[in-house]
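The numbers here are math on the coordinates, done by the rules we state, and not lab data. Here the structure is a predicted model, which means the values were calculated and not measured. Cβ sites come from the backbone with ideal geometry, for glycine too, and all protein chains shown count toward neighbours.
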Amino acid sequence: MTETFQNRERKIISLLEEYYPSFKGGLVHYSSPFQLLVAAILSAQSTDKQVNAITKELFSKFPDPQSFSSSSLLEIEQAIASVGLYKNKARFIYNLSLCLIQDYNSEVPTTLDELVKLPGIGRKTANVLLNDWFEIHEGIAVDTHVKRISFRLGFTKNTNPEKIEKNLMEIVPQDKWGCITHLLISHGRAICKAQKPKCNACFLLSDCPRKGVIEK
Ligand code: SF4
């Protein structure tokens, strides 16, 4: 990695921090690592808005693994029926709850290796939990915004999320592995949209290798 390359990445990260000083995750209703895991499971192929609309009531009725595991699948399905793929998600949440009770004394584990073995938990969700709740920076959560913007900014040439994560981990200082996800998501929502990115209004214009290509 050349010094010029590192300087460009560093400058982009600083600008993102400057422009999105109050970035935060989109999921808002959770008060334990378990609840954050459940909210993250619900958010797969659904919007944070759809998830936030149900999680307050959901977690008042089902606050912990015990309350989910002592309910029927049908009850869980009914409680989350407004989010996409709710039948699969209900099964994941039920199995996750049982697994945590049986194998982890109802505690959520704190390593990436253990988290990705849990039902319904992939690398992205595990990274969100570790970075956002435990402030343990083992990896970087790569969602659709992170994937798209990393590619456009030239942080990666890959399309596979795990390879993108590895590329980002080489560029971004480890203490920023949690915030970089939210900074790129903020930029994706505000300016670097999937369709018609607002390149002319973008503060990264002079440092972005994709600006001209996308605008044509
Ligand atoms: S210049 Fe355009 S493509 Fe590049 S980061 Fe900004 S909005 Fe995205």
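Give me the net charge for the shell around residue 161: Cβ to Cβ below 12 angstrom, other residues only, Lys and Arg +1, Asp and Glu -1. Intermediate results must be reported in sequence, preceding the final value.
Details: positive: 123, 124, 147, 148, 163, 166; negative: 143, 162, 165.
Surrounding charge for residue 161 is +3.
Rounded to the nearest 0.05, what FRET efficiency do residue 189 and residue 91 give with R0 = 35 Å and r taken as the Cβ-Cβ distance? Could you check? Numbers along the way, then the final one.
Numbers: r = 30 Å, r/R0 = 0.87.
So the FRET efficiency works out to roughly 0.70.
Label residue 56 and residue 107 with points 7 Å out from Cα along Cα→Cβ: what is the distance between them in nm?
The two pseudo-label positions are separated by 3.2 nm.
Run the helix sum for the chain: -39,500 (n - 2.57) per DSSP H stretch of 4+ residues, divided by residue count, reported at 222 nm to the nearest 500 deg cm²/dmol.
Working: 12 runs with 123 residues, N = 216.
Only helices count here, giving -17000 deg cm²/dmol.
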